[in-house]
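Peer 1: Can you keep this structure in mind? I'll have questions shortly.
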Amino acid sequence: MSFAVITTGGKQFSVEKDEVLRVPSIDSKEGSKIQLDALVIGDGKKTSLDGGKVSATIVGHGRSDKIIVFKKKRRKQYKRTYGHRQGYTEIKIDKI
């Protein structure tokens, strides 16, 4: 069972073959193949820190649930409410 630690969008993810995961938005079309840099690659017995490449296919794009950002300063009649939805890309790991 091989695994890899990839980095994309300023975050690190531990992935295995045929896994589908959500990562921060990647600017590519659905169905296209991408190469991601791997920081660590392991096969259960030994681990390599040399890195390498992980190939993945983009499954789709979407946006997460809305979060509410509420700011308030007491006794100053100051209130602000904002909403935010973070974009994401679903990828399927093809080969490590």
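Peer 1: Of the residues Asp43, Asp94, Asp65, Asp50, only one is over 14 Å from the mean Cα position of the chain (by Cα), within 14 Å of Arg22 (Cβ to Cβ) and of a type in the set (D, E, K, R); which?
Peer 2: Asp65
Peer 1: Among the residues of the stretch 1-33, write down those that are under 13 Å from His61 (Cβ atoms) and β-branched (Val, Ile, Thr).
Peer 2: Val23, Ile26
Peer 1: Let me ask something additional. Within the bounds of the stretch 64-81, is there any residue that is modelled with pLDDT of 95 or more and at positive phi?
Peer 2: yes
Peer 1: Quick one: which strands (runs of 3 or more DSSP E) lie wholly within the stretch 26-96 and hold at least 1 residues that are free of Cβ contacts under 8 Å to residues at least 12 places away in the same chain?
Peer 2: Values: elements: 33-42, 52-63, 67-73, 78-84, 87-95.
Qualifying strands (runs of 3 or more DSSP E): 67-73, 78-84.
Peer 1: Separate question: Of the residues Lys46, Lys53, which is surrounded by fewer than 12 Cβ atoms within 10 Å (Cβ to Cβ) and of a type outside the set (Ser, Thr, Tyr)? If you could, list the steps in order and put the result at the bottom.
Peer 2: Values: Lys53 fails: surrounded by fewer than 12 Cβ atoms within 10 Å (Cβ to Cβ).
Criteria check complete, one pass: Lys46.
Peer 1: Could you tell me whether Asp37 is charged (D, E, K, R) and either surrounded by 10 or more Cβ atoms within 10 Å (Cβ to Cβ) or more than 23 Å from Gly9 (Cβ to Cβ) (or both)? Give the derivation first.
Peer 2: Numbers: charged (D, E, K, R): yes; either surrounded by 10 or more Cβ atoms within 10 Å (Cβ to Cβ) or more than 23 Å from Gly9 (Cβ to Cβ) (or both): yes.
So Asp37 fits the description; yes.
Peer 1: Which condition does Lys72 not pass, out of (1) under 30 Å from Ala4 (Cβ atoms); (2) basic (Lys, Arg); (3) surrounded by 10 or more Cβ atoms within 10 Å (Cβ to Cβ), if it passes all the others?
Peer 2: Of everything listed in (1) under 30 Å from Ala4 (Cβ atoms); (2) basic (Lys, Arg); (3) surrounded by 10 or more Cβ atoms within 10 Å (Cβ to Cβ), Lys72 misses just condition (1).
Peer 1: Please work out if Arg22 is in a strand (DSSP E or B), touching a residue at least 40 places away in the same chain (Cβ under 8 Å) and either more than 14 Å from Lys95 (Cα to Cα) or within 12 Å of the chain's Cα centre (by Cα) (or both).
Peer 2: Yes, satisfied.
Peer 1: Can you work out which of the residues in the stretch 7-18 that are exposed (fewer than 14 other Cβ atoms within 10 Å of the Cβ) and not in a strand (DSSP E or B) is nearest to the chain's Cα centre (by Cα)? Quick ask: steps written out before the conclusion?
Peer 2: Within the stretch 7-18, the first condition is being exposed (fewer than 14 other Cβ atoms within 10 Å of the Cβ), and the residues that meet it are 9-12, 14, 16, 18.
Going one step further and asking which of them are not in a strand (DSSP E or B), we end up with 9-10, 18.
Values: Gly9: 6, Gly10: 9, Asp18: 15 Å.
The residue in question is Gly9.
Peer 1: Out of (1) part of a strand (DSSP E or B); (2) modelled with pLDDT under 95; (3) in contact with a Gly (Cβ under 7 Å, 6 or more places away or on another chain), the odd one out for Met1 is which?
Peer 2: (1)
The values are calculated or read from the model by the stated rules, or taken from the named source; none is laboratory data. As the structure is a computational prediction, the values presented were derived from the model and not from experiment. A quick note on method: Cβ atoms are made from the backbone with ideal geometry, for glycine too, and the neighbour counts reach across all protein chains shown.
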